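Worksheet: the structure to be examined is printed underneath.
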Amino acid sequence: DALTTYPLKEYHEYEFKLDTEASDFYNDGESYVSATSYPGTVIRLDTSLSELKSFISTFSDINGNSVDGVECIGRGCVSTDKLVEGVYQLKVKDKQPYKIISKSNQCVIPELSSVNNLNLGNNFCMPSFEENSDGYQIAEVDGIYYYYLGQYKDSSIVVNYQNKLNDLGVDIINKKLGDYLYVFAKSPGQLTMANKRYVDELINYAVRLEMTPYAYN
């Protein structure tokens, strides 16, 4: 029942800080911890590192006109820099949600994980679409009606219906993005029954038809 005293070597207090400011990564986990080197101590820092992505792009609206005043919103946004007129460099957090907008338009870019060259060229911005009572996604801009018809992989199908709808006074707008065509119908008025017949047939070929057509990143 005797007590024995064991002398210990001197121990020290340590502080650890993870600094990602000058790197291409960001940390959503712990970045600081302090502890001592007392025997049996485990100094643990639970980090969560992911990559920052930087890319360059120009943007046009649904009719092909140049778009200015682009900004990034959301937790995934790091910075937006205007290099020259109409050319933007954006830095975002991989795996964090963000949107690129211009005024009331939302801009669409390819999924960054699917591209090798982060100079993304020209991408497009489109107005906000709302679903009407017939189930169509419609946006009205300056008295012109735009209908979002979905994403397609087979361009020949789109061209076939484009010719049919053109004869009825409805323009089809195609926007190539990655492996898909984003397809819209443009009409001076709401679609007639004759227009709807061809539009409904074309929509049946859509590979994707989200409730909202925007590509969230």
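The values are calculated or read from the model by the stated rules, or taken from the named source; none is laboratory data. This one's a predicted model, so the numbers in the text were calculated from it and none came from an experiment. We place every Cβ from the backbone using ideal geometry, glycine too, and count neighbours over all the protein chains shown. The area values use the complete protein model at the heavy-atom level, side chains included, leaving out ligands, DNA and RNA. Shrake-Rupley method; radii C 1.70, N 1.55, O 1.52, S 1.80 Å.
Listed values, structure above:
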item	result
Test for residue 97: is it in a loop (DSSP other than H, G, I, E, B) and buried (at least 18 other Cβ atoms within 10 Å of the Cβ)	no
Pair list, Cβ < 7 Å and 6+ apart or interchain, from the stretch 49-69 residues that are more than 30 Å from residue 27 (Cα to Cα) and at pLDDT 90 or above to residues that are among the small types (Gly, Ala, Ser) and open to solvent by 30 Å² or more (accessible area, probe 1.4 Å)	60/66
Listing of strands (runs of 3 or more DSSP E) fully contained in the stretch 115-217 that carry 2 or more residues being under 21 Å from residue 101 (Cα atoms), in contact with a His (Cβ under 6 Å, 6 or more places away or on another chain) and aliphatic (A, V, I, L, M)	none
Options 114, 104: the member that is closer than 19 Å to residue 151 by Cα and surrounded by fewer than 13 Cβ atoms within 10 Å (Cβ to Cβ)	114
Neighbours by Cβ (under 9 Å, 6+ apart or cross-chain): first from the stretch 74-87, over 19 Å from residue 98 (Cβ atoms); second open to solvent by 70 Å² or more (accessible area, probe 1.4 Å)	85/66; 86/66
Residue ID - surrounded by the most Cβ atoms within 10 Å (Cβ to Cβ), chosen from residues in the stretch 135-177 that are charged (D, E, K, R) and under 28 Å from the mean Cα position of the chain (by Cα)	175
